[in-house]
Amino acid sequence: MKKTIILSLLAVVLYACGNKENAESVDQLIKTKNVTALQAKKTALQGEIAKIEEALATLDVKKEEALVSVLTVKDTVFNHYLDIQGSVDTKENILVQPEFSGTLTSLTVIAGQKVSKGQILGRVDDGGISQQLASAENQYNLAKTTYERQKNLWDKKIGSEIQYLQAQTQMISAQKSVAQIKAQLSKTVIRAPFTGTIDEVFVEKGQVVAPSAQGLMRIVNLNNMFVSTTIPETYIGKLKVGTLVDVYLTSLNKTYKGKVRQIGNFINPSNRSFGIEVSVPNPDNLLRPNQVAKLKITDYVSKDAIVVPTNVIQEDGEGNKFIYTVEGSNGKTGTAKKVIVTVGKSSNNVTEILSGLAANDIIVTEGVNNISEGMKLNF
């Protein structure tokens, strides 16, 4: 490029010197073969060329330049997340089973109905237990009356002690018999084990029922939802009860804020993992058991971190990670500088820089593949 400039300037000099008079003079010198004059002319031209070269040496010849985008790095809070998949669940999701086999004499609920804990859902024919209870209560009332009379006599020192004790024993035995039959009779009444919603009813009134895999109905409570998943054992010291978790439901395209509520104490030897439960609020009742959830669990936080876009970090032939920064910036231009950095964790397409950069450093974010150290940058 320098030679081109020299030749161009030489042409200008020759043009300036090459008017008609000088041109004819050179031609005449050549025709007359005046060697002395020709040498003098050559010396004069060489002197002009020397001046041009000296001027070029002192001029700032334009270097290679590149158009880039830059970013000023700042201290910021950096969060690293563990991304893992889990399943929505609730501990209050059961199949209601009858405790007593027999004919379903009544069914008081339908699918979709909300029920309270202890509410009667249906009744099973007791098979004569109610009559047994009536007979046992009569026997108890008689035994109680006999005991009270014997007690009055014994208090007056009338009768024997053995008669008093026998009456007391018979009353207590009759009382226990009544309680036992009542407990058996209560099993014919089907009650809601907790407050929730009847999700589905599998039987009809008049049907003979018994404990089975299907059950009578399903009852679900959606107010106490959680997500269960397993975590690699390498994270066992990084998670705590109360750790914040972003729970994204693919089916709802919605993210919920949850917290780790339970951490397992057992490492599964087959996959070297442990279980956790993440509580999830369900204000809109949109969560359902067995929904697929994607969890983002915060396992690392740095409050004053220097972070850069991950794609600006490059690696040289020696395996060093480096970033191009801008030196001598005046707001629009600067010079490229290669800076070796130590990288930390990456998350959401950004990487923490542990060393090599400081707050307010300017880094090249676009065009990094087209620059080299010392190159002039425009931005």
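The values are calculated or read from the model by the stated rules, or taken from the named source; none is laboratory data. On a predicted model such as this, the values are computed, not experimentally measured, just so you know. Note that each Cβ is placed from the backbone with ideal geometry, even for glycine, and that neighbours are counted across all protein chains shown. These area figures cover heavy atoms from the full protein model, side chains too; ligands, DNA and RNA do not enter into them. Shrake-Rupley method; radii C 1.70, N 1.55, O 1.52, S 1.80 Å.
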Farthest positive-ward along the chain dipole, Cα basis, beta-carbon charges - from Thr250, Val88, Val208
Val208
Give, rounded to the nearest 20 debye, the magnitude of the charge dipole that the chain has about its Cα centre when Lys and Arg contribute +1 at Cβ and Asp and Glu contribute -1 at Cβ.
900
On a full-extension model of 0.36 nm per residue, what is the gain between Ile162 and Lys254, subtracting their alpha-carbon distance, rounded to one decimal in nm?
25.4 nm
GNM top mover of Gln131, Gln39, Gln163 - the chain, alpha-carbon springs below 10 Å:
Gln39
Long-range amide H partners of Glu92, meaning residues 5 or more apart or on another chain whose placed amide H is closer than 5 Å, are Asn221
Placing +1 at every Lys and Arg Cβ and -1 at every Asp and Glu Cβ, with all other atoms neutral, what dipole size does region 329-375 have around its Cα centre, in debye to the nearest 20?
40
HN-Hα J couplings of region 64-72 from phi, Karplus 6.51/-1.76/1.60, θ = phi - 60°, integer Hz, Gly and Pro as x?
5, 10, 9, 9, 9, 10, 10, 8, 8
Length gain on complete extension for the stretch Lys332 to Asn378, per 0.36 nm per residue less the alpha carbon to alpha carbon distance?
16.0 nm
I'd like the orientation of helix 35-58 relative to the chain: the angle between its Cα long axis and the longest Cα principal axis, in ° from 0 to 90, rounded to 10.
20
Kindly state, as a whole number, the per residue volume in cubic angstrom of the convex hull around the alpha carbon atoms of region 147-238.
307
Write down the accessible area per residue of region 172-268 in Å², having rolled a 1.4 Å probe over the full set of protein chains.
58
With θ set to phi - 60° and the Karplus curve 6.51 cos²θ - 1.76 cosθ + 1.60, what are the ³J(HN,Hα) couplings of region 131-146 in order, to the nearest whole Hz, using x for Gly and Pro?
5, 5, 5, 4, 5, 5, 5, 5, 5, 5, 4, 5, 5, 5, 5, 4
Lys/Arg +1, Asp/Glu -1 at C-beta; the chain dipole; positive extreme among Leu287, Ile162, Leu239:
Ile162
At the level of C-alpha centres, the distance separating region 260-277 and region 144-160, in angstrom, is 66
Which semi-axis lengths, in whole Å and largest first, follow from the square roots of five times the eigenvalues of the Cα gyration tensor of region 269-350?
42, 19, 11
Can you tell which of Tyr256, Tyr164, Tyr248 shows the greatest fluctuation in a Gaussian network model of the chain with Cα springs below 10 Å?
Tyr164
Out of Leu38, Ile172, Gly118 - ranked by how far each Cα lies towards the positive end of the dipole of the chain, with unit charges on the beta-carbon of charged residues - the top one is Ile172
Which one of Glu64, Glu204, Glu318 has the biggest mean-square fluctuation once the chain is modelled by GNM with Cα springs under 10 Å?
Glu318
FRET efficiency estimate (nearest 0.05) - Cβ-Cβ, Ile120 to Val77, R0 35 angstrom
0.05
Restricting to Cα pairs below 8 Å that are 6+ residues apart, what does the relative contact order work out to for the chain? Please round to a whole percent.
24
Out of these labelled values of percent of Cα pairs over 25 Å apart, [x] 63; [y] 78; [z] 52, which was calculated from the coordinates shown here?
[y]
The chain, accessible surface, carbon-and-sulfur percent (1.4 angstrom probe):
51
For n ≥ 4 DSSP H runs only, could you compute -39500 (n - 2.57) per run for the chain, divide by its residues and tell me the 222 nm figure to the nearest 500?
-9500 deg cm²/dmol
How tilted is helix 2-17 with respect to the longest principal axis of the chain? Cα atoms for both, answer in degrees (0 to 90, nearest 10).
30
Using 1/(1 + (r/R0)^6) with R0 = 56 angstrom and r between the beta carbons of Val301 and Glu99, what's the FRET efficiency to the nearest 0.05?
0.65
Residues of region 88-164: accessible area per residue with a 1.4 Å probe, Å²:
63
About the Cα centre of region 128-239, how large is the charge dipole given +1 on each Lys and Arg Cβ and -1 on each Asp and Glu Cβ? Please answer in debye to the nearest 20.
440
Under a Cβ-Cβ cut-off of 12 Å, what is the net charge of the residues other than Thr108 that fall near it, where Lys and Arg count +1 and Asp and Glu count -1?
+3
